[in-house]
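Before any comments, here is the structure.
Read-outs throughout are calculated quantities, based only on the coordinates presented, and are distinct from any laboratory measurement. Since the model is a prediction, treat every value here as computed from it, not as a measurement. Don't worry about glycine lacking a Cβ; one is built from the backbone with ideal geometry, like all the others, and counts go over all protein chains shown.
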Amino acid sequence: MKLNLNRPLAFFDLETTGVNVGADRIVEIAILKAMPDGSELIKTMRINPEMPIPLASSLIHGIYDKDIANEPAFKDVAAELAAFIGDADLAGYNSNRFDIPVLLEEFLRAGVDFDMSDRKFVDVQNIFHQMEQRTLRAAYKFYCNKDIVNAHSAEADITATYHVLLAQIERYSDTEFEDKQGKISKPVKNDVDALHTFTNMNKPVDFAGRMVFNEQDQEIFNFGKHKGKTVEQVFDTEPSYYAWMKQGDFPLYTKKKLEEIWTRWNKKKEQLKQEKQQQQAVANKPKPNPNPAAKPNPSAAPQKKSKPAVDVTNDMLEQLKMKFGK
């Protein structure tokens, strides 16, 4: 069957030095770009991570330091990779939690602004785990009745992932699913928007899962002492938390999204301040004189009221003589 696409869907898989999103680096990337016309484009690259590859990781993916010694660093191919992906939506296996965050970290280190604001993300693992709960190898065997040849090779894995998604769409096109709220739907459709919704049920803000959207589409913290609180609410009560996270060991993309929220929060705060000042200025404005013709001259000195003249009598003169002895 053929994917129903309005724009390209880029399946990609990474082999890395480890599983720490913020610290580990890419050693191989493979991208299968499924086009709306049914054609496919594939790009595979080995990358020099500019750090030693731990033996434990090399034993999994088979890539050792000597294999990438003469390969380009990510910063040297970042622009080429971003151009190849273009405006495509993204897909992968466990891509929302690992591959996308790692790729974004590498782009940010390389100074490439890889815009994520209008992309859809289809995580094939989420469909699989929510419908069957297996591994990629088992998924390929279960859906396609095949074994992955050269497993943990990036290109073999993305090819398997691509075919698993096609089989999932065909298998579950009329299958009902009940979510945690008891809502029943048929979510697995040949439609990237629907697949994006179904495979992003946790609604991450930063892909690393430090922040997620709540049911009101507000960003909330998903870890630590402020877990469950909106990010803006924490900024209101403890603005130093922003500085702590910016200086802490968090992924660069997490910090980027945090900074976007901080900037938006500060703009709201400044706007409220200006509105309050305007209201105060209106309240303090002097009221107009109802009778402008009788308006007093503020520069004129106040005049004292004069007492009426009193005639001097003989009795008054006698009293003065007695008082002063004259």
In debye, nearest 20, what is the charge dipole magnitude of region 205-282 about its Cα centre with +1 on Lys and Arg Cβ and -1 on Asp and Glu Cβ, if you could check? 180 debye
Under the Karplus curve 6.51 cos²θ - 1.76 cosθ + 1.60, θ = phi - 60°, whole-Hz ³J(HN,Hα) for region 26-38, x wherever Gly or Pro sits: 7, 10, 7, 9, 10, 10, 10, 9, 7, 9, x, 7, x
Pick from Ala139, Ala69, Ala281: which is most flexible by mean-square fluctuation in a GNM of the chain where alpha carbon atoms under 10 Å apart are linked? Ala281
Degrees, to the nearest 10: 252-284 long Cα axis against longest axis of the chain: 20 degrees
Could you compute the FRET efficiency for Gln277 and Ser240, with r as their C-beta to C-beta distance and R0 at 30 Å, rounded to 0.05? 0.70
Amide H neighbours of Ala91 under 5 Å, at least 5 residues apart or on other chains, H built in the peptide plane: list them. Ala10, Phe11, Phe12, Val122
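Neighbouring Cβ atoms within 10 Å as the yardstick, rank Arg97, Arg25, Arg7 fewest first.
Details: Arg97 17, Arg25 21, Arg7 13.
With the fewest neighbours first, Arg97, Arg25, Arg7 line up as Arg7, Arg97, Arg25.
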When DSSP beta bridges are limited to those with both residues in region 9-201, what percentage is antiparallel, rounded to the nearest 5? 70 percent
Region 176-200 residues near the modelled Glu215 label - backbone nitrogen below 13 Å, point 7 Å along Cα→Cβ: 180-183
Spherically averaged projected area of the chain from its Cα convex hull (nm²): 37.4 nm²
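Hand me the chymotrypsin sites (Phe, Trp or Tyr not before Pro) from region 201-260 located in a DSSP loop with no more than 14 other Cβ atoms within 10 Å, in residue order please. Walk me through the numbers on the way to the answer.
On the way: sites: Phe207, Phe213, Phe221, Phe223, Phe235, Tyr241, Tyr242, Trp244, Tyr253; in loops: Phe207, Phe223.
Taking region 201-260 and a limit of 14 other Cβ atoms within 10 Å, the loop chymotrypsin sites (Phe, Trp or Tyr not before Pro) found are Phe223.
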Beyond a 32 Å Cα-Cα separation, which of these cross-linked pairs lie in this structure: Lys189/Lys257; Lys75/Lys246; Lys146/Lys227? Lys146/Lys227
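Would you work out the charge dipole size for the chain about its Cα centre, treating the Cβ of every Lys and Arg as +1 and the Cβ of every Asp and Glu as -1, and quote it to the nearest 20 debye?
Details: 45 positive and 47 negative charges, 589 e Å.
That gives the chain a dipole magnitude of about 2820 debye.
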Through the Karplus equation 6.51 cos²θ - 1.76 cosθ + 1.60, θ set to phi - 60°, convert the phi angles of region 165-177 into ³J(HN,Hα) values in whole Hz; use x for Gly and Pro. 4, 4, 5, 4, 4, 5, 6, 9, 4, 10, 9, 7, 10
